[in-house]
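Read the structure below first, then the notes.
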Amino acid sequence: MNFIKNNLANAITLGNLFSGCVGAVHLILGDYQTTAICIILSLVLDFFDGFVARALKANSNLGTQLDSLADMVSFGLIPGLAMFKMLEPFGNEFFGMQLPFAIKYFGFLITLFSCLRLAIFNLDEDQKYYFKGLNTPSNTILIFGIYLLTQILFSKNTFIPQIITTGEMYTIYFSVEVLLIITILSSWLLISPIKMIAMKFKSMKLKDNYPKVALLIGAILILIIFKTVGIPLVILYYIFISLVFQKQLK
């Protein structure tokens, strides 16, 4: 029984890793629906491994390392691959210049900075009730949400950067410059000094949890109004509301 108790959380973490591996493979194959399911599963497992470890009092250094290694695939490799896929059609042309390599590889800058962010997080003892910089799961939702916008067809009334029309169908298109700017901003946010809201509670008093309440209400409204388009908007709102409540995050 002690073996199960001590390793149940680690098994859940490995489930997160497995889900991330499957999601990465299907993203390469262009099956974004399966990848979306895998990301959701990884998010759930990533939450519950820590919850189970605390509930069973089975926290360990091994569990901490496993968690970061699993997150590196589920929330580090996958967003990098998503940006890789979005940049893939542009070949090696950049601002009219022909680069000696394909521009798509810049997408993995997100993966590199995700790795750096996870390493910094493991060494930082201050991030108990807030995050310093955008956490990797949120960054994955942001980047993969943008990728979904390039894959899913929308109605004519949807607000989008640029419309590509095929008959009665409409889809989203981002220029290479916009995608590279998103890549750079995403990479910087991962290691930025900006304090971000973490859904961890010091107390159950409402006044101590205004940032979390504002985040939850706003996120729900965005998803109800914008549906799939609202997925990356939720993360942008998360960043905004974290900036608003900077002084309360400690």
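Results, tabulated for the structure shown:
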quantity: Around Leu17: net Lys/Arg minus Asp/Glu count, Cβ-Cβ under 11 Å; calculated: -4
quantity: Approximate spin-label separation Ala214-Phe47, in nm, with each point projected 7 Å along Cα-to-Cβ; calculated: 2.2 nm
quantity: 12 Å beta-carbon shell around Val73, net charge (K/R +1, D/E -1); calculated: -3
quantity: Cα-based Kirkwood hydrodynamic radius, region 1-129, one decimal, Å; calculated: 16.0 Å
quantity: Placed amide H near Asn92: partners under 5 Å, 5+ positions off or other chain; calculated: Ile103
quantity: Positive minus negative residues near Tyr238 (Lys, Arg vs Asp, Glu; Cβ under 13 Å); calculated: +2
quantity: For Leu216, solvent-accessible area (1.4 Å; no DNA, RNA or ligand), Å²; calculated: 90 Å²
quantity: Computed magnitude of the charge dipole of region 1-125 (debye, nearest 20; Cβ of K, R +1, Cβ of D, E -1); calculated: 220 debye
quantity: For peptides 62-73, 219-230, sequence by mean Cβ density within 10 Å, most packed first; calculated: 62-73, 219-230
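The values are calculated or read from the model by the stated rules, or taken from the named source; none is laboratory data. Remember, predicted model here, so these are calculated numbers, not experimental data. Note that we place each Cβ from the backbone using ideal geometry, even for glycine, and neighbour counts take in every protein chain shown. Heavy atoms of the whole protein, side chains included, go into the accessibility calculation; ligands, DNA and RNA do not. Shrake-Rupley method; radii C 1.70, N 1.55, O 1.52, S 1.80 Å.
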